[in-house]
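**Q** Below you will find the structure I want to go over with you.
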Amino acid sequence: MLPPLRTVRHGLRRITEAFAAELAGPGRATPAWSELEWRLATAVAVAHGVSPLLCHCCAWKHESWRRFLENQRDHVEWRHQRIDALLQQIDAGACEAALAVLPLKGAALHALGLYTPGERPMADIDLLVREEDAAAASALLRKLGYVESFAQWKHRVFKPASGQPFAGLGEHRDTPVAIELHTRIRERLPVSMVDITARIYPRAAQPGLNPYPSSGALMSHLLLHAAGNMCGRSLRLLHLHDIARLATRLSASDWDVLWADANEPPWWALPPLRLTARHYPEAIPAAVLARLERDCPPLLRAISRRQTLTQVSSSELWLHALAGLEWSRSMREAGRYLRNRVRPTAEARQERADMARTQLWLQGQRWVTAPHRRRVLTWLTRPVPRMDMLYAVRVALEPPAAEMGKKPGLGVSR
């Protein structure tokens, strides 16, 4: 039995903001949390992807909490070795096929040395290829034992032909490594597409794995990805930490890459940078924020001034029927958004079906497969919890599995 969801919601908010403060400035005293809150802390750490980071920097003294963090660090380090070996296979195969591939986000941050093995989790590998190379890239992944799981507007998802996801909380060494294949770098904010592929793909790409053309290009991608997650209320603390770490390496010319497209100013970059600056005030130049304020639409600029990490992440337990509406840049966009919420497109219905079929935390949840009219009626009559965070909370509150105290080398695959 779960405790009252209002109690859970309050605990998630308190813990999330405490984690953000501790990551930005380690050394705070151990919180006087109840046992329920310490268990909820494991769910929050997993949902925000910061368990191994907290293991490195947080000295809070609580036995089961420390054991959980150390276990997660070990599993993440083990998975890093697997991911690194897989990237080497992709590099060799891409060289053989004369195929240029760009590893995105987490893989690029590791390649720059911003993280050490075991410090930052990677749930999957994101790869960018040219549109005309998509078939060759798919053939390479199939050669490596992958099959296509589903496709959507943003990417195609490939998973190993064998292997099952770990049905517990957090990272596990044996969880299959998925690969997301992109031909464009874009986000819907909330209905119009923002596409920055031209500034991400290297102009002189070579066969094999390639780096981003500049640190500024990588920052552009991190910010657009964070913007998309803020719009959908799925931001993670890890996203802010990535931005803050990379920001310390950027020169003025690197920041200028955000404005590389003169026809489309980076209006979407202000909310994630503002939130990052709130927690990491020394990382983001004030001049960059001031310049972005001129590009950002007035409503979004005003709302982003007071948004918290909890409000734009899964730590806000209740679903919001109109999440992301404030990202609309015109009444026409807002109208399209509202129409899509009332009557989802065929693409949106297929995306929901694919998620229900492939995501462990959605399987068996009647809310996901219920008719749209019933979901709307439920939204109007009572608060509805998010399935992703509710799954993490439920697992966190279960009795600890015997496996949790074991090292990755002795773990049992589930």
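Each reported figure results from applying straightforward, stated rules to the coordinates on display, with no laboratory input. None of the values given here were measured: they were computed from a predicted structure. No Cβ is skipped: glycine too gets one built from the backbone with ideal geometry, and neighbour counts run over all protein chains shown.
**Q** Could you tally up the Lys pairs in the chain with alpha carbons closer than 28 Å? Skip any pair fewer than 8 positions apart unless they're on separate chains.
**A** Close lysine pairs found across the chain: 10.
**Q** Now a separate question. Please list, in order along the stretch 25-40, the HN-Hα scalar couplings obtained from phi with the Karplus expression 6.51 cos²θ - 1.76 cosθ + 1.60 (θ = phi - 60°), rounded to whole Hz, x for Gly and Pro.
**A** Going residue by residue, I get x, x, x, 6, 5, 4, x, 8, 8, 6, 4, 4, 5, 5, 5, 4 Hz, with x marking Gly and Pro.
**Q** Points 7 angstrom from Cα along the Cβ direction at E63 and A98: gap in nanometres?
**A** For E63 paired with A98, the spin-label model returns 6.4 nm.
**Q** What Kirkwood radius, in Å to one decimal, follows from the Cα pairs of the chain? All intermediate terms of the calculation are to be shown ahead of the outcome.
**A** Working: mean 1/r = 0.0448 Å⁻¹.
Taking every pair of different Cα atoms in the chain, averaging 1/r and inverting gives 22.3 Å.
**Q** Could you order the peptides 132-145, 235-248, 303-316 from most to least packed, using the average number of other C-beta atoms within 10 Å per residue? If you can, show how the numbers build up before the last one.
**A** Working: 132-145: 15.6, 235-248: 21.9, 303-316: 19.5.
Ranked by mean Cβ neighbours within 10 Å, highest first: 235-248, 303-316, 132-145.
**Q** Can I ask one more? Can you compute 3J(HN,Hα) from phi for each residue in the stretch 61-75, using the Karplus curve 6.51 cos²θ - 1.76 cosθ + 1.60 with θ = phi - 60°, rounded to whole Hz and x for Gly and Pro?
**A** 9, 7, 4, 5, 5, 4, 4, 4, 4, 5, 5, 5, 4, 5, 5
**Q** Could you check which residue among R14, R339, R120 shows the biggest mean-square fluctuation in a GNM of the chain with a 10 Å Cα cutoff?
**A** Of R14, R339, R120, the most mobile in the Gaussian network model is R339.
**Q** Quick one: Cα centre-to-centre distance for the stretch 144-190 and the stretch 56-96, in angstrom?
**A** Here the answer is 17 Å between Cα centres.
**Q** By how many nm would the segment from T248 to D261 lengthen if fully extended, with 0.36 nm per residue of separation less the alpha-carbon distance?
**A** Working: separation 13, 0.36 × 13 = 4.68 nm, distance 2.35 nm.
Result for the pair: 2.3 nm of gain on full extension.
**Q** Testing the spin-label approximation: label points 7 Å from Cα along Cα→Cβ at A139 and R394. State their distance in nm.
**A** With each label placed 7 Å out from Cα toward Cβ, I get 4.4 nm.
**Q** Kindly provide log₁₀ I(q)/I(0) values, in the same order as q = 0.12, 0.18 Å⁻¹, from the Debye equation applied to equal alpha-carbon scatterers of the stretch 54-104.
**A** Each listed q maps to, in turn, -0.46, -0.66.
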